[in-house]
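Worksheet: one structure, shown below.
Just so you know, all these numbers are worked out from the coordinates, no wet-lab data involved. Computed from a predicted model, the values in this text were never measured in an experiment. Note: ideal-geometry Cβ built from the backbone for every residue, glycine included; neighbour counts use all protein chains shown.
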Amino acid sequence: MISRKSDPVLRNYSDLYLLGRLVRQSKPYWPHISAILILRIFAVPLALLIPVPLKIVVDSVVGTNPVPQFITFWAPDIWINSDLAILTFAALMQVSIVLITQCQELGSYVLRASAGQGLLKEFRTRLFSHLQRLSLRYHDTQGTAESVYRVQMDAPAIRDIAINNVIPTLGSSLTLMAMVFIIVSIDWQLAAVALAVSPVLFVLARSYTTRMRPRYREARRLEGFSIEIIQQALAAFRVVKAFGREKGEQDRFEEQADNVVRKRLWLGWAEGIFGLMVNFTIAVGSALVLYVGIRNVLNGQLTLGELLVVLAYIAQLYEPLRTISRQASSLQSSLVSAERVFEVLDKIPDVVDKDPSIRLKNVGGSVEFRNVSFSHVGRGQVLDDICFKVPFGTKLGLSGRTGAGKTTVASLLPRFYDPDKGVVLIDGIDIREYSLADLRSHFAIVLQEPVLFSSSISENIAYGRPNASRREIELAASAANIIGFIEELPDGFETLVGERGMKLSGGERQRIALARAFLKDAPILILDEPTSSVDTETEVGIMETMERLMADRTTFMIAHRVSTLDICDARLEIENGIVTSATGSVEI
């Protein structure tokens, strides 16, 4: 069993705090949300009109009561001068109400879709942007799968809350108030009986929301672990197959999936029981209303038509109450997702631009580490008070055992991390004084495992300079000795390399990474084990390419094999985070 990192502890945000932040985040779409709410308000009088045709037919066609005064006020006499005319009028009124209601729902649907997708895109964009601003310390600790899950699965909370929770709740509240007003005007006793169940519903909803938040949080955490297992297995697919671990990974995933199923089933039962209690409470209220209503009809306090109207209104009165109670259930799941997103957004990047920062221009390329110490989370001290100075144009070879701190030195240069103590200087200035964009634009980096994207060869070469011309891309490919290979491909430079470049060999991927460095033409070059994963013949060709690339640049080259560093004119040996020896132009 592969060990799993410790779970992050979420801050305990209150519901009002989360809702307030979501409201502010939704500001660009307030006009859309306002329009949706207006349409919901427009639905209230439509809902009030729905039972009216039935009342007219029962009281004025089947019965002998006159047509209601608010109808005779504006309807021509010819529409209501006979039973047939009244019946026809009631039927047309019913059709008109339904048609207008459907048009209102169509407009509301279009606005909900537009606002919901827009909100989701903006929220995801903001979250993704912030994740990219966080340093490698955060991502080393948190893991890729958890970040992907929050972007894809948690970010939709803003749409669910703003569009599917808040607006229906506000609309239901307005409908509820309108229905209460109408029912009170007809029979206040029935209104009092109908509303008697409201305190019970409030207590049920309050108790449910208080108890369910931690359970929803746990479900999200377990689902995140499931995604992590998939991501790990697919990212290391060759290793899984090489060791015949398909069944083990399948079992690991199914075990975690079973945990998710059990948690979701528990939540389903809890939601079902909550819904059952809400519906039972409403059923008791309906039964009491029916009992009191029939007694009032028998006592002559109400007509049968008025009772039918009241019962229809009470059915619509209870629907908003049911909706509000139901929203309390789904809101908790969405608020947990929002909580997880804001927990990331509230992470303060530990590698940031200084205000104001210095523009980095005309780089000389001299580099100095002055009393630098650094530790990784969970690993302890990696670099311990190291000092050295590299003049411009030096080809510095870094050697040492695995874990000695060589890659950490290279990672501190472009500020992937900041040191715990000490300073890193370029041209005598602390690199924290420079803007990050300027600083990193002056580095070209070639890693042990070249990183290619699922796009064309030309796009991968031009990744560091997206606006490079085709001629510049071809020259960089030629400098990296890969132009012949590319021209033999059916699609040439437009050949797709596949996910992580897996359609190409290791040597071809590495040469494309070198072509990328040639094209960027940065004054400082970092080569981190660039030949460790290729054969001897390919290594010879890559070494020739790297010699040309290193010309007139300050270069940091990391290698385990000492022979690989023969092209360097200076050496620095690091052991256990301490500089043990230096040769050539490097000073310690």
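In this model, which of Lys354/Lys421; Lys27/Lys121; Lys27/Lys347; Lys354/Lys395 are farther than 19 Å apart at the alpha-carbon?
Lys27/Lys347; Lys354/Lys395
Would you mind ranking His442, His560 so that the residue whose beta carbon has the fewest other beta carbons within 10 Å leads the list?
His560, His442
For Ser454, what residues show an amide H to amide H distance below 5 Å, using hydrogens built from the backbone and excluding near sequence neighbours?
Close amide H contacts, sequence-distant or interchain: Arg500.
Got a sec? Charge dipole of the chain, +1 on Cβ for Lys and Arg, -1 for Asp and Glu; which of Tyr291, Ser198, Val310 is way out at the positive end?
Tyr291
Give me Rg over Rh for segment 16-345, both radii from the alpha carbons and Rh done the Kirkwood way, two decimal places.
Answer for segment 16-345: 1.12.
Please report Arg500, Arg471 as a ranked list, fewest other C-beta atoms within 10 angstrom at the top and most at the bottom. Write down the numbers at each step before the final one.
Numbers: Arg500 15, Arg471 8.
The most exposed by this proxy come first: Arg471, Arg500.
Going by average Cβ density within 10 Å per residue, which order do the peptides 99-107, 456-464 take, highest to lowest?
Packing proxy ranking, top to bottom: 456-464, 99-107.
How far apart, in nanometres, would the label points at Ala236 and Val297 be if each is projected 7 angstrom from Cα along the Cα-to-Cβ direction?
The two pseudo-label positions are separated by 7.2 nm.
Using modelled backbone amide H atoms (1.01 Å from N, in-plane), which distant-in-sequence or interchain residues come within less than 5 Å of Thr580's amide H?
Here Glu573, Ile574, Glu575 satisfy the definition.
Could you give each residue of segment 236-241 its phi-based ³J(HN,Hα) in whole Hz, using Karplus coefficients 6.51, -1.76, 1.60 with θ = phi - 60°, and x for Gly or Pro?
Coupling constants for segment 236-241: 10, 4, 5, 5, 4, 5 Hz.
Have a look at the DSSP beta bridges in the chain and tell me what percent are antiparallel, nearest 5.
That works out to approximately 55 percent antiparallel.
Give, in nm to one decimal, the length gained when the segment between Leu54 and Asp140 is fully stretched (0.36 nm per residue of separation minus the Cα-Cα distance).
Length gained, Leu54 through Asp140: 24.3 nm.
Assign unit charges at the C-beta atoms only (+1 for Lys and Arg, -1 for Asp and Glu), then state the dipole size of the chain relative to its Cα centre in Debye, rounded to the nearest 20.
Working: 62 positive and 63 negative charges, 283 e Å.
Here the size comes out at about 1360 debye.
For Lys241, which lysines qualify as cross-link partners when the Cα separation must be under 27 Å and same-chain residues fewer than eight apart are set aside?
Of all the lysines, those that pass the test against Lys241 - Cα under 27 Å, at least 8 places apart if same chain - are Lys5, Lys503.
Taking neighbour Cβ counts within 10 Å as the exposure measure, how do Met502, Met277 sort from fewest upward?
Result, fewest neighbours first: Met502, Met277.
Could you check the simple spin-label distance between Phe243 and Ala196, using points 7 Å along Cα→Cβ, in nm with one decimal?
In this crude spin-label approximation the distance works out to 6.8 nm.
Each residue of segment 425-439 in turn: what ³J(HN,Hα) in whole Hz from Karplus with 6.51, -1.76, 1.60 and θ = phi - 60°, glycine and Pro shown as x?
10, 10, 6, x, 10, 3, 5, 6, 7, 7, 6, 4, 4, 5, 4
Note down the magnitude of the dipole of segment 16-345 about its Cα centre, charges +1 on Lys and Arg C-beta and -1 on Asp and Glu C-beta and zero elsewhere, to the nearest 20 debye.
Result for segment 16-345 is approximately 1380 debye, rounded to the nearest 20.
Projected onto the charge dipole of segment 367-583 (+1 at Lys/Arg Cβ, -1 at Asp/Glu Cβ, origin at the Cα centre), which of Ser435, Leu514, Phe392 gives the Cα projection farthest towards the positive end?
Ser435
Could you tell me which label, among (i) 170; (ii) 188; (iii) 219, carries the value of volume of the Cα convex hull per residue in Å³ calculated for this structure?
After the calculation, the listed value that fits is (iii).
Show me the chymotrypsin sites (Phe, Trp or Tyr not before Pro) within segment 238-289 that DSSP assigns to loop and that have at most 15 other Cβ atoms within 10 Å of their Cβ.
Those satisfying the criteria are Phe243.
Quick one: what are the phi-derived ³J(HN,Hα) couplings along segment 410-420, Karplus 6.51/-1.76/1.60 with θ = phi - 60°, whole Hz, x for glycine and proline?
Going residue by residue, I get 5, 6, 6, 4, x, 6, 5, 10, 10, x, 5 Hz, with x marking Gly and Pro.
Scan around His376 for amide H atoms under 5 Å from its own, H built in the peptide plane at 1.01 Å from N, and keep only partners 5 or more places away or cross-chain.
Here Val382 satisfy the definition.
Ordered by packing density, taken as the mean number of other Cβ atoms within 10 Å over each peptide's residues, highest first, how do 134-143, 443-452, 212-221 rank?
Result, highest mean first: 443-452, 212-221, 134-143.
Hey, which aspartates and glutamates would be in cross-link range of Lys263, C-alpha to C-alpha under 15 Å, not counting anything within fewer than 8 residues on its own chain?
Here the aspartates and glutamates satisfying the reach criterion relative to Lys263 are Glu218, Glu223, Glu254, Glu255, Glu271.
Among the aspartates and glutamates, which fall within straight-line cross-link reach of Lys361, defined as a Cα-Cα distance under 16 Å, with same-chain neighbours fewer than 8 residues apart omitted?
Asp427, Asp430, Glu433, Asp438, Asp521
List the trypsin sites (Lys or Arg not before Pro) within segment 242-295 that DSSP assigns to loop and that have no more than 11 neighbouring Cβ atoms inside 10 Å.
none
Quick check on the chain: helices-only [θ] at 222 nm, where DSSP H runs of length 4 and up contribute -39,500 (n - 2.57) each and the sum goes over total residues. Nearest 500, please.
My calculation for the chain gives -19000 deg cm²/dmol from helical runs alone.
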